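Peer 1: Quick one: the structure is below, questions incoming.
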Amino acid sequence: MKCVFVDRRAAVSIWSLMNQVASGLIARGDEVTFCRLDDQRPVNPPPAPEGVELVDVPVRRKRGVWDLYSQHKVFSAKFAQFLRERTPDVVHTHFCVPGVAARVVARRQHVPVVLSTQHETFGSMRPHYRLAVRHTQRCVASTVYVSRAVANSFGRSAQTWAAASDQAAPRHLVIHNGIDLSRIDRIRKKTPSRDPRKVVCVGRLVPVKGQRLLLEAMPRILQECPEVRLVLIGSGPDEVALRNQVSQLRITGSVEFKGWLSREASLRAMATAAAVVVPSRRGHEGFGLVLAEAMACGTPVVASRIDVFEEILGSTVESGWCFEEGDPVSLALTLCTALRLPVEAGRRAANARQRVERHFHIDRMVADYLRLYDVLLDAQQECCGADYPISL
């Protein structure tokens, strides 16, 4: 099998996941290419696994809508030429840029299997991206969603392989993102013991991630738990406003801005924390990678009560604590409860780790994708190149 993965070169999270899938393909003798739109962003993706061919398509950096059109025009021409030369069996796309163009080009070039993974909720995308995704879904044999919450946002009834009633590939399938537990365990072994005063929040500093809400809750948290020290990890356009909020609330001595940290450094911070808080707003989280990673670290988690977080934690929420979305009082009371009950916190953290092992292990994600490629390719060969379903 010849498999091509498509996304922006700077899509670090995508390549971190697809590296694992690529390794699984290469281990069984398949050929893998990463075709990456290089939009001149100063971000380096993780190194590709040995044996992966890298094909980068440089385009003009986006400064406006017309640049977006230009990017897709240049990428589409180069990608079409690449497909004609290499004739892959599978093209797997992800985010809208350049995924929507890649899907159309791959269908026009008669690639046997084209599929897409949706990482974002439908409502969180800009209107023109929503339109483009809807239109190009007719080009794919199967659409994968990283959570049921994402599938629901698209109005789709999707299931996991485990729930599938037969061996045929569902048109809409849930494959949860995978967590590399061996990597996290190596980091945990090298980290010191937990700091009972440290609370960590990891995420890009943007309003939808909820750091403003967490800071709003801090005065009440400090009244109940005066020893708490909040560590904010991440960078983004909201940083100035957040720093001003800290100053206005007079909690400067209790909040530390760490800025952007590597994935390994962020995991170390979570592994040594008394709790990890994930206060994101509803409708903007497709999976909750930070939440799942904190669970894998065995760290107690406190998260906003939104659909996708309840999906990751489990319906009984025996794997952590949830507070009412957007409510700083609920956040403060919930976090202080978790900090004041270390035995219960430890029990729930152990449940969380077991849940990740059962449902979100990286090996399970890889096996699910490899099975999907095989089933789709077999079905396409059996039907002798018949067109994919057009229904949206």
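The values are calculated or read from the model by the stated rules, or taken from the named source; none is laboratory data. This structure is a prediction, so every number in the text was calculated from the model and none was measured. Every residue, glycine among them, receives a Cβ derived from its backbone with ideal geometry; neighbour counts consider all protein chains shown.
Peer 1: What number of residues within segment 154-182 satisfy the criterion of being part of a loop (DSSP other than H, G, I, E, B) and at pLDDT 80 or above?
Peer 2: 13
Peer 1: Looking only at segment 48-66, how many residues end up being modelled with pLDDT under 95 and surrounded by fewer than 14 Cβ atoms within 10 Å (Cβ to Cβ)?
Peer 2: The number of residues fulfilling the criteria is 6.
Peer 1: Quick check on my filter: what residues within segment 9-54 are part of a strand (DSSP E or B) and either in contact with a helix residue (DSSP H, G or I) (Cβ under 6 Å, 6 or more places away or on another chain) or not assigned by TED's automatic domain parsing to the domain that holds VAL146 (or both)?
Peer 2: Of everything in segment 9-54, those that are part of a strand (DSSP E or B) and either in contact with a helix residue (DSSP H, G or I) (Cβ under 6 Å, 6 or more places away or on another chain) or not assigned by TED's automatic domain parsing to the domain that holds VAL146 (or both) turn out to be VAL32, LEU37.
Peer 1: Go over the candidates VAL4, VAL100 one by one and state the one that is outside any helix (DSSP H, G or I), more than 25 Å from SER262 (Cα to Cα), within 23 Å of the chain's Cα centre (by Cα) and aliphatic (A, V, I, L, M).
Peer 2: One residue alone meets the criteria, VAL4.
Peer 1: For segment 30-75, enumerate the residues that are in contact (Cβ under 8 Å) with a residue 12 or more places away in the chain, acidic (Asp, Glu) and farther than 11 Å from PRO98 by Cα.
Peer 2: Scanning segment 30-75 gives ASP30, GLU31, GLU50, GLU53, ASP56.
Peer 1: Here is a further query. Regarding HIS128, is this residue in a loop (DSSP other than H, G, I, E, B), surrounded by fewer than 20 Cβ atoms within 10 Å (Cβ to Cβ) and outside the structural domain of GLY286 (by TED's automatic domain parsing)?
Peer 2: Considered against the rule, which asks whether it is in a loop (DSSP other than H, G, I, E, B), surrounded by fewer than 20 Cβ atoms within 10 Å (Cβ to Cβ) and outside the structural domain of GLY286 (by TED's automatic domain parsing), HIS128 comes out as no.
Peer 1: Within segment 136-153, which residues are in a helix (DSSP H, G or I) and either acidic (Asp, Glu) or within 17 Å of MET125 (Cβ to Cβ) (or both)?
Peer 2: THR136, GLN137, ALA149, VAL150, ALA151, ASN152, SER153
Peer 1: Conditions: (1) at negative phi; (2) at pLDDT 95 or above. ARG282 meets all but one. Number of the miss?
Peer 2: Looking at each condition in turn, ARG282 falls short on (2).
Peer 1: So, in segment 221-253, of the ones that are β-branched (Val, Ile, Thr) and part of a strand (DSSP E or B), which residue ends up nearest to ALA338 (Cα to Cα)?
Peer 2: VAL231
Peer 1: Can I ask one more? Need at least 1 residues that are surrounded by fewer than 16 Cβ atoms within 10 Å (Cβ to Cβ) and touching an Asp or Glu at 6+ places or on another chain (Cβ under 9 Å) per element, so show me which helices (runs of 4 or more DSSP H) inside segment 254-362 make the cut, counting only ones lying wholly within it.
Peer 2: Of the helices (runs of 4 or more DSSP H) lying wholly inside segment 254-362, those with at least 1 residues that are surrounded by fewer than 16 Cβ atoms within 10 Å (Cβ to Cβ) and touching an Asp or Glu at 6+ places or on another chain (Cβ under 9 Å) span 328-340, 342-359.
Peer 1: Out of segment 34-70, which residues are closer than 27 Å to GLU264 by Cβ and touching a Pro at 6+ places or on another chain (Cβ under 9 Å)?
Peer 2: PHE34, ARG36, LEU37, ASP38, ASP39, GLN40
Peer 1: Hey, ALA367 hits all of (1) over 22 Å from the mean Cα position of the chain (by Cα); (2) within 30 Å of LEU173 (Cβ to Cβ) but one; which does it fall short on?
Peer 2: Among (1) over 22 Å from the mean Cα position of the chain (by Cα); (2) within 30 Å of LEU173 (Cβ to Cβ), ALA367 violates only (1).
Peer 1: Quick check, is PRO88 part of a loop (DSSP other than H, G, I, E, B), under 17 Å from VAL104 (Cα atoms), modelled with pLDDT of 95 or more and not assigned by TED's automatic domain parsing to the domain that holds ARG263?
Peer 2: Considered against the rule, which asks whether it is part of a loop (DSSP other than H, G, I, E, B), under 17 Å from VAL104 (Cα atoms), modelled with pLDDT of 95 or more and not assigned by TED's automatic domain parsing to the domain that holds ARG263, PRO88 comes out as yes.
Peer 1: Select, from TYR129, TYR145, the only residue that is under 23 Å from VAL206 (Cβ atoms) and at pLDDT below 95.
Peer 2: TYR129
Peer 1: Could you list, ordered by first residue, the pairs with Cβ atoms under 9 Å in which the first is in segment 238-265 and within 22 Å of VAL43 (Cα to Cα) and touching a residue at least 60 places away in the same chain (Cβ under 8 Å) and the second is part of a helix (DSSP H, G or I) and of a type in the set (A, V, I, L, M), at least 6 apart or interchain?
Peer 2: Taking only residues 6 or more apart or on different chains, the pairs are ARG263/VAL12; GLU264/ILE187.
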